[in-house]
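Read the structure below first, then the notes.
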Amino acid sequence: GSYQLSNSTQINAMSLEQLSGFGVIIVPGGSGGTITSNISTDARLRIRKAVREYGVSYVGFCAGAWVAVGPEAEGTSVASYGLAVAKGSVLGAYYPGGDTSLTADVVPVSFPDGSIRQLVWWGGPYTPEWSNGVVARYDNGKPAISETVSGKGYVVISGPHPEAPQGWRSTAGTDADGLDYDIAIDMIDAALKHQPLPTF
């Protein structure tokens, strides 16, 4: 399929009609605060409307997960933080082993089929404990990947980085099972098709 890579200036210029023409909006890692401050309030509202009212799906990795969830007033009121494409409290930080000094690591993440995968973590959050929506859990039992219906759209978000390239592992640490692109692809595919992944 085709895709369009867009920066904040391009996103800010997109109309609701343009945004609603996409099958899925994918927001990568980085800084949730930077994403929030560089996308205009009007554009953040248009993204939320594209998801909730027009059925565009949303996939977020790390910072993309941070900005996905937030409380907001209905209608034309924009969230104070992030995009709030899915309703809920702003996400909390996960720290491997509770070590708040860590910025990057490779962490075990479990799936409903009993498998455990080693994923790159780079300051990512817990994801929400949505009903029938927890796709994967960290080793402390908190959600690491979650999915939910949001209005007419579908939202799939991950605290860790299944899309991380090989080069990230030199900073994050030893990854016994290697690249995890299949998980990222499954997330995007589920969002595009509005077809839930297996959950706990």
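Sorting Thr199, Thr103, Thr36 on solvent-accessible area from highest to lowest, probe radius 1.4 Å, gives Thr103, Thr199, Thr36. Applying 1/(1 + (r/R0)^6) with r as the Cβ-Cβ distance of Glu53 and Ser31 and R0 = 22 angstrom yields a FRET efficiency of 0.20. Rounded to whole Å, the principal axis extents of the Cα atoms in the chain read 44, 32, 32, largest first. Label sites at Asp177 and Ala13, each approximated as a point 7 angstrom past Cα along Cα to Cβ, lie 4.3 nm apart. Computed on segment 1-89, with alpha-carbon pairs under 8 angstrom and 6+ residues apart, the relative contact order is 31 percent. Residue by residue, segment 91-103 carries 3J(HN,Hα) couplings of 5, x, 7, 9, 10, x, x, x, 7, 6, 7, 6, 10 Hz when phi is fed to the Karplus relation 6.51 cos²θ - 1.76 cosθ + 1.60 (θ = phi - 60°); x denotes Gly or Pro.
With each label modelled as a point 7 angstrom along the Cα→C-beta vector, the Ser77-Thr100 pair spans 3.1 nm.
Backbone geometry of segment 33-45 corresponds, through the Karplus equation with coefficients 6.51, -1.76 and 1.60 at θ = phi - 60°, to 3J(HN,Hα) couplings of x, 5, 4, 4, 6, 9, 9, 4, 4, 5, 5, 4, 5 Hz, x marking Gly and Pro.
With the simple spin-label model, which puts each label point 7 Å out from Cα in the Cβ direction, the Phe200 to Ile116 separation comes to 1.4 nm. Near Gly60, the amide H atoms lying under 5 Å from its own belong to Val27, Val156, Ile157, Ser158; only residues 5 or more places off or on other chains count, and H is placed 1.01 Å from N.
Pairs of Cα atoms under 8 Å, at least six residues apart: use those to get the relative contact order of the chain, whole percent.
Normalised by residue count, the contact order of the chain is 20 percent.
Taken over segment 15-108, the percentage of Cα pairs per 10 Å bin, counting from 0 up to the bin with the maximum distance, is 16, 47, 25, 11, 1.
The values are calculated or read from the model by the stated rules, or taken from the named source; none is laboratory data. None of the values given here were measured: they were computed from a predicted structure. Quick reminder, even Gly has a Cβ in these numbers, built from the backbone with ideal geometry, and neighbours come from all protein chains shown. Accessible surface areas use protein heavy atoms only, side chains included; no ligands, DNA or RNA. Shrake-Rupley method; radii C 1.70, N 1.55, O 1.52, S 1.80 Å.
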